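Visitor: Sending over a structure as structure tokens; questions will come in a sec.
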Amino acid sequence: MKKLLLASAAGALLAGAASAEEIKLGVILGFTGPIESLTPSMADGAELAMKEVSDSGKLLGGATVTSVRADSTCIDAAAASAAAERLITAEGVKGIMGADCSGVTGAILNNVAVANGVVMVSPSATSPGLSHANNEDNGLFFRTAPSDARQGVVMTEVLMEEGIKEVAVTYTNNDYGKGLADSFQAAFEAAGGSVTINAAHEDGKADYSAEVGALAAAGGERLVVAGYVDQGGSGIVRAAIDSGAFDTFHFPDGMISDKLQENFGDEIEGSTGQHPGTDSPGAAKFGEIVGDAFDATSPFTPESYDAAALILLAMQAAGSSDPAAYKDKVMDVANAPGEQIFPGELAKALEIIAGGGDVDYVGATAVELIGAGESAGNYRQIVIDGGKIATAKYR
């Protein structure tokens, strides 16, 4: 009888293991293209959350989570949409961590995700045009990075505090660049500043002397470069330095990575900028669990961990990996009431949810979702000091 009972118990365990779901999540980022220096650590951040949940064995009765990567290119909407279509129809992903750049994110959302009813949580698409009020997203789209409507205000505050009242602006000619440049100009002028020129630049050019000539002719105390560090943004900066047109710059999020200091070092000494970030307890805990595995402070990497975590906690709250079921739980797990959850505590969160309790996912970036899936937003203000990117303060 004892052997029979043991055999029955073993059989039950094997049956449970066999029936445990294998959940695939898509990770769509620009592994090639104008922000390719940022995306490896972003993917690593998302996959760290997936591993943490898989290792816990506590998601939906022991489900495992697997990442399936795809290249958004950041700039090619057709290629990004095709990549997303493949993830959904061929790979069967139950959600998408991504995309990254605003234009391709909007294309995937409108062309693929909505049609297939798949949840997307972007860690870095910041265009104001992606706000829920401007989209028929069927409650499927969320983001852990704040809208550039907020970044425009933060940029204004930084520059005004620096005593900069007159700037020239150049932006990459896409949804991200134009949306940010327009929101910044509106905020800066409302605060009493003057924008001498607000001009687009195209990525992929070998020579930006004509663009810099127009910017120099307009003048300004500082040049705002709303571009990409691995593309035209750095081309503009190089041409500006070499021609003597500008020697200090202001850099929004698309320009800030280790590549910026590698490219220019102390040539841009005293330049300023900002990207989403926080000095919250969660940010410190994220750094601790990452260790030296990858750069935990790289822009949008903490946001990527949080994006994946929100999807998985929402699944647990819904009791299902079906996006139609869990899309309505994302806001619930992201916000109060509930026990606060930090990086490294996803197993604890899954247990609380399974037991009928509530969680308030704070995560690595002090997550707070407002409206319909918008990040309330915190920013790390940076300065180039000794040729290196240094933290000036948090906002």
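Visitor: Span-like helices, the chain: DSSP H, alpha-carbon axial extent 20 Å or more, mean Kyte-Doolittle 0.0 or greater, which ones?
Guide: 2-19, 301-318
Visitor: Of the labelled options (i) 33.8; (ii) 22.4; (iii) 20.0, which one gives mean projected area of the Cα convex hull in nm² as computed for this structure?
Guide: (iii)
Visitor: Sticking with this one: Keeping every protein chain in place, order Thr391, Thr301 by accessible area at 1.4 Å, biggest value first, i.e. largest first.
Guide: I get Thr391, Thr301, largest accessible area first.
Visitor: Which lysines have a Cα less than 22 Å from the Cα of Lys285, not counting those fewer than 8 places away in the same chain?
Guide: Once the sequence-local lysines are set aside, what remains near Lys285 is Lys51, Lys58, Lys348, Lys393.
Visitor: Any chance you could run the full-extension gain for Ala347 through Thr196? It's 0.36 nm times the residue separation minus the Cα-Cα distance, nm to one decimal.
Guide: Working it through step by step, the gained length comes to 49.1 nm.
Visitor: Given R₀ = 35 Å, FRET efficiency for Ser209-Val68 by Cβ-Cβ distance, to 0.05?
Guide: In this case the efficiency is close to 0.25.
Visitor: So if each residue of separation counts as 0.36 nm, and I subtract the Cα-Cα distance between Arg395 and Ser37, what length gain in nm does that give?
Guide: Difference between extended and current length: 126.4 nm.
Visitor: A follow-up question, please. Using r as the Cβ-Cβ distance of Glu22 and Asp358, and R0 as 30 Å, what FRET efficiency do you calculate, to the nearest 0.05?
Guide: The pair Glu22/Asp358 has a calculated efficiency of 0.60.
Visitor: Now for a different question. I'd like the FRET efficiency for Ile289 and Glu189, computed as 1/(1 + (r/R0)^6) with the beta carbon distance as r and R0 of 45 Å, rounded to 0.05.
Guide: In this case the efficiency is close to 0.55.
Visitor: Right, another one. Looking only at the stretch 249-271, which residues have a backbone nitrogen under 14 Å from a spot 7 Å from the Cα of Lys388 in the C-beta direction?
Guide: In the stretch 249-271, the label zone of Lys388 (backbone N under 14 Å from the point 7 Å along Cα→Cβ) covers 258, 261-262, 265-266.
Visitor: In what order, largest first, do Arg143, Arg150, Arg380 sit by accessible area if the probe radius is 1.4 Å?
Guide: I get Arg150, Arg380, Arg143, largest accessible area first.
Visitor: Keeping all protein chains in place, calculate the accessible area per residue for the chain (probe 1.4 angstrom), answer in Å².
Guide: Result: 37 Å² of accessible area for each residue.
Visitor: Between Asp55 and Glu339, 0.36 nm times their residue separation minus their Cα-Cα distance comes to what?
Guide: Between Asp55 and Glu339, full extension yields 100.1 nm more.
The values are calculated or read from the model by the stated rules, or taken from the named source; none is laboratory data. Since we're looking at a predicted model, the values are computed, not measured. Backbone-built Cβ (ideal geometry, glycine too); neighbour counts: all protein chains shown. To get the accessible areas, we keep the full protein, side chains included, count just its heavy atoms, and leave off ligands, DNA and RNA. Shrake-Rupley method; radii C 1.70, N 1.55, O 1.52, S 1.80 Å.
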